[in-house]
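J.: Following this message is one structure expressed as structure tokens.
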Amino acid sequence: MIYLDNAATTKPCPEAVHAALEAMTDNFGNPSSLHRAGLNAQLAVDRARKAIADSLGATPDNIIFTSGATESNNLALRGISAAYGRKRRRIVASAVEHASVEETLADLESKGFEVVRVSPREDGRFYPEDFLAACNEETVLLTMMYVNNETGYILPVKETFTAAKRRFKDIITHTDCVQAYMKLPVKANQLGADLISLSGHKIHGVKGVGALYIRKGVRVLPVVTGGKQEKGIRSGTESVPLICAFGAAVEKLSTTISERWEHVTSLKTRLTELLAEIEGVEVNSPADGSPYVVNISAAGKRSEIMLHYLEGRDIYVSSGSACSKGQQSGVLGQFGITGKRADSALRISMTADTTEAEIEAFAQALAEGIASVRG
Ligand code: PMP
């Protein structure tokens, strides 16, 4: 099997599997219990929390575990709106956010918040000054993802957040770093981020766990209330196995960010060369985007048809964004990719384990598919 859908999910690494298994066999206590079994579970959660905090240049008390980045994004947007949104009712966001941000924004909009969405310019690029122009004194929150999950485009988060905070001292900044984390350095202070959303299963952890970094002093009201776990910000017994798997994956990956980036960049270069030889194929991702995600258009052949053709060859890619179950999200349109070009979009997303031979096999299969399938 050639798995090129790593932006949808990744294979759990052996370290993550081992950590989860240990927490389901030897160390299965409830971290809130007062006896030793509880304490041992608590220590395992603490270790994972420290690994994630260290990777962000933060401290463990900044980290709240959630069920995934969808929940982290909901908690960030709803929790900030509830805490600070009485007087300041404007939220500024990029127009290319993941559905877990976009749908939450739409809901807040229906509850009376004014949401301003900033689009890329005609050249397909975002400019910090466009976000700044959308912000005003009434702006409670500025949210923008770091790496776009459909194209790999890298948004100017640091430049925008730094400038916004200089001009509007009370503005709160949130970034969905799901597709950037463990691929690019994600440091809370350098980015100027008050809130950062992360997901375990995109970095070779396990599905069902994520985290929200919250800067000290920033108040996030809970969405899920109950037994006051996670400092009362996210109640519910912590999923110790999934949290341990998340921590183990971070411990493994955090020292090799630049080496992996280099390897995947060379894969993207090779892929781009091979695609240039196939008539009608266009690359939709920017050359300076994250190499982990390459969006292409397959010579007018409908995405789904090509996806299933490739599946027949045991090659797995995604049409647009896997989260949208084949539905066009409108994000490609924001980047100027429309019509037939959008209808034939495929997303190839790699990981450090992807090999050049796999990329070559994919390109060969794609060329044969384009020649053999009908529209
Ligand atoms: N944000 C982005 C950018 C994503 O790519 C995804 C996963 N598709 C999510 C949020 C949601 O993450 P999770 O699956 O952990 O809820």
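J.: Give the residue that is nearest to the chain's Cα centre (by Cα), with candidates limited to residues of the range 176-197 that are assigned to a strand (DSSP E or B) and within 14 Å of residue 57 (Cβ to Cβ). Spell out how you get there, then give the answer.
T.: Initial filter on the range 176-197 (assigned to a strand (DSSP E or B)): 176, 181, 184, 195-197.
If we keep only those that are within 14 Å of residue 57 (Cβ to Cβ) as well, we get 181, 184, 196.
Details: 181: 7, 184: 12, 196: 10 Å.
Only one residue tops the list, namely 181.
J.: Search the range 204-218 for residues being in contact (Cβ under 8 Å) with a residue 24 or more places away in the chain and more than 16 Å from the ligand (Cβ to nearest atom), and hand back the single one that is nearest to residue 247 (Cα to Cα). Working first, answer last.
T.: First pass over the range 204-218, keeping only residues in contact (Cβ under 8 Å) with a residue 24 or more places away in the chain: 204-216, 218.
When the remaining residues are screened for being more than 16 Å from the ligand (Cβ to nearest atom), the result is 214-216, 218.
Numbers: 214: 18, 215: 20, 216: 21, 218: 24 Å.
Step by step, filter the range 204-218, then rank; the result is 214.
J.: For the range 39-49, does any single residue satisfy the condition of being closer than 16 Å to residue 229 by Cβ, surrounded by 14 or more Cβ atoms within 10 Å (Cβ to Cβ) and among the basic types (Lys, Arg)?
T.: Yes - at least one qualifying residue is present in the range 39-49.
J.: I'd like to check something: does the range 156-177 contain any residue that is within 12 Å of the ligand (Cβ to nearest atom), buried (at least 24 other Cβ atoms within 10 Å of the Cβ), among the aliphatic types (A, V, I, L, M) and at pLDDT 95 or above?
T.: No.
J.: Continuing with this model, one more query. Those residues that are within 23 Å of the chain's Cα centre (by Cα) and hydroxyl-bearing (Ser, Thr, Tyr), I need them from the range 6-46; list them, please.
T.: 9, 10
J.: Go through (1) among the polar types (S, T, N, Q); (2) part of a loop (DSSP other than H, G, I, E, B); (3) farther than 21 Å from residue 72 by Cα one by one and return the number of the condition residue 225 breaks.
T.: (3)
J.: Oh, and also: Within the range 262-375, which helices (runs of 4 or more DSSP H) (wholly inside it) include 1 or more residues that are at pLDDT below 95, of a type in the set (Asp, Glu) and out of contact with any Leu (no Cβ under 9 Å at 6 or more places or on another chain)? Talk me through it step by step, then tell me what you get.
T.: On the way: elements: 303-312, 331-334, 339-343, 356-372.
By residue number, 303-312, 339-343.
J.: Can I ask one more? Could you please find all residues in the range 219-245 being over 16 Å from residue 52 (Cβ atoms), of a type in the set (Val, Ile, Thr) and within 16 Å of the ligand (Cβ to nearest atom)?
T.: Within the range 219-245, 223, 224 qualify.
J.: Ok, one more. So residue 7 passes all but one of these: (1) within 16 Å of the ligand (Cβ to nearest atom); (2) assigned to a helix (DSSP H, G or I). Which condition number does it fail?
T.: All conditions are met except number (2).
J.: Moving on to the next point. Would you confirm whether any residue within the range 79-102 is polar (S, T, N, Q) and within 16 Å of the ligand (Cβ to nearest atom)? Working first, answer last.
T.: Quick first cut of the range 79-102, residues polar (S, T, N, Q) only: 81, 94, 100.
Those still in the list that are within 16 Å of the ligand (Cβ to nearest atom) too: 94, 100.
Among the residues of the range 79-102, at least one is polar (S, T, N, Q) and within 16 Å of the ligand (Cβ to nearest atom), which makes the answer yes.
J.: Scan the range 192-203 for residues that are buried (at least 24 other Cβ atoms within 10 Å of the Cβ) and more than 12 Å from the ligand (Cβ to nearest atom) and jot them down.
T.: 193, 194, 195 - these are the residues of the range 192-203 that are buried (at least 24 other Cβ atoms within 10 Å of the Cβ) and more than 12 Å from the ligand (Cβ to nearest atom).
The values are calculated or read from the model by the stated rules, or taken from the named source; none is laboratory data. Please read these numbers as outputs of a predicted model, since none were measured by experiment. In this analysis, Cβ positions are derived from the backbone assuming ideal geometry, glycine residues included, and neighbour counts consider all displayed protein chains.
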